[in-house]
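Taking it in order: structure first as structure tokens, then the write-up.
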Amino acid sequence: MNELDLLVESAREQFAHSATPADLENAKAQFLGKAGRVTELMKGMAQLSVEEKKTRGAAINLAKQAIEAALNERRQALQDAQLQAQLKAEALDVTLPGRQRGAGGLHPVSLTLERIQGIFGSMGFDVAEGPEIETDWFNFTALNTPEDHPARSMHDTFYIEGGTPGAPNLLRTHTSPVQVRHAVQHVKQHRALLDAGQSMPEIRVIVPGRTYRVDSDATHSPMFHQCEGLWIGENVSFKDLKVVFTAFCRTFFESDDLVLRFRPSFFPFTEPSAEIDIQFQDGPLAGRWLEVAGSGQVHPNVVRNMGLDPERYIGFAFGMGLDRFTMLRYGVNDLRLFFDGDIRFLSQFQ
Ligand code: DAH
């Protein structure tokens, strides 16, 4: 190997050992810089003859080109390596699913409520609401509930501050007080018709809402949901109750052969009164009687408290547990799941 070949070889080696672009520029200077080896060789030609200069110059030029080629090759390699390293460091896996904004959904009890409102809405029922903090009058007295009725006991009802002496306010134990509240408003609105002895439009309303009792186990929660129903007119009978509630239940549970039973019972605010039981003809609950609501013909005393004449106005009421309807519809066996707020449970209803 002649001197020039060795020079090229040595340049290649140095370039190969340069790990960074800066190292490589330093190495370049050693060969191609102003004081570099190639430049030295050029200067060394000064003493040569014209002929010698030609051949020597051509040889040095070839060596110089080889060194430049090696330099460029190494430059490119270092650039590629840097790009690869950067790509690796900033790796972005475009096949991973993007982060999404979680979409909320309705609570199962709200889904039930929407369903109930839709069905009763199609039968001409309005929706009304009432306060959760209720007076003793609306919750009990107006509903014909006697002073000594067990529902009024401290064990069953959350009494709170406020109210009148001997009749403290409370967290309503059912949605029934809104029967009277709503009817009183309705009567007020149609006072002129009533005073003129004319017929007032019927009261046809459902009242969903939160209710409270001192009670807590797998099927009872201190806070739970009810939906009241009320239909008052001049010619509304128990038969209408049966028709309406049967149609409602069959639609709600999407079961045309669902059987209903109106079992005689007692409530202070209705006379006669009935518990409503349903029976599925198929599915896991087939054949069992399941109690789903209380109902009855509104008691004359309650009609009177609504501001109406019980000789002329008559109708029925019912009250059902929204949580119970939700449990039956979805096959949930522990009521507390509805109120734990566990997203794994709740998201199953979306
Ligand atoms: N308020 C009753 C309860 O909570 C349910 C009920 C029964 C409501 C009979 C009614 C009714 O409107 O007529 O147990």
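Numbers at a glance
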| item | result |
| --- | --- |
| Verdict on ASP334 being surrounded by fewer than 14 Cβ atoms within 10 Å (Cβ to Cβ) and assigned by TED's automatic domain parsing to the domain that holds GLU234 | yes |
| Among (1) surrounded by 22 or more Cβ atoms within 10 Å (Cβ to Cβ); (2) out of contact with any helix residue (DSSP H, G or I) (no Cβ under 8 Å at 6 or more places or on another chain); (3) not in a strand (DSSP E or B), the one test that THR326 misses | (2) |
| Those residues of region 289-305 which are within 13 Å of the ligand (Cβ to nearest atom) and either assigned to a loop (DSSP other than H, G, I, E, B) or at positive phi (or both), in sequence order | GLY296, HIS299 |
| Residues that are touching a strand residue (DSSP E or B) at 6+ places or on another chain (Cβ under 8 Å), surrounded by fewer than 14 Cβ atoms within 10 Å (Cβ to Cβ) and farther than 17 Å from HIS225 by Cα, drawn from region 114-158 | GLY121, GLY124 |
| Which listed residue is over 22 Å from HIS182 (Cα atoms), of a type in the set (A, V, I, L, M) and touching a residue at least 24 places away in the same chain (Cβ under 8 Å), from ILE314, ILE343, ILE276 | ILE276 |
| Checking PHE262 against (1) away from the ligand (no atom under 14 Å from the Cβ); (2) more than 30 Å from GLY197 (Cβ to Cβ); (3) modelled with pLDDT of 95 or more, the condition it does not meet | (1) |
| Test: THR145 is of a type in the set (S, T, N, Q), under 37 Å from the mean Cα position of the chain (by Cα) and either assigned to a loop (DSSP other than H, G, I, E, B) or more than 13 Å from the ligand (Cβ to nearest atom) (or both) | no |
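The values are calculated or read from the model by the stated rules, or taken from the named source; none is laboratory data. Fair warning: this is a prediction, and the values are worked out from it, not measured in the lab. We place every Cβ from the backbone using ideal geometry, glycine too, and count neighbours over all the protein chains shown.
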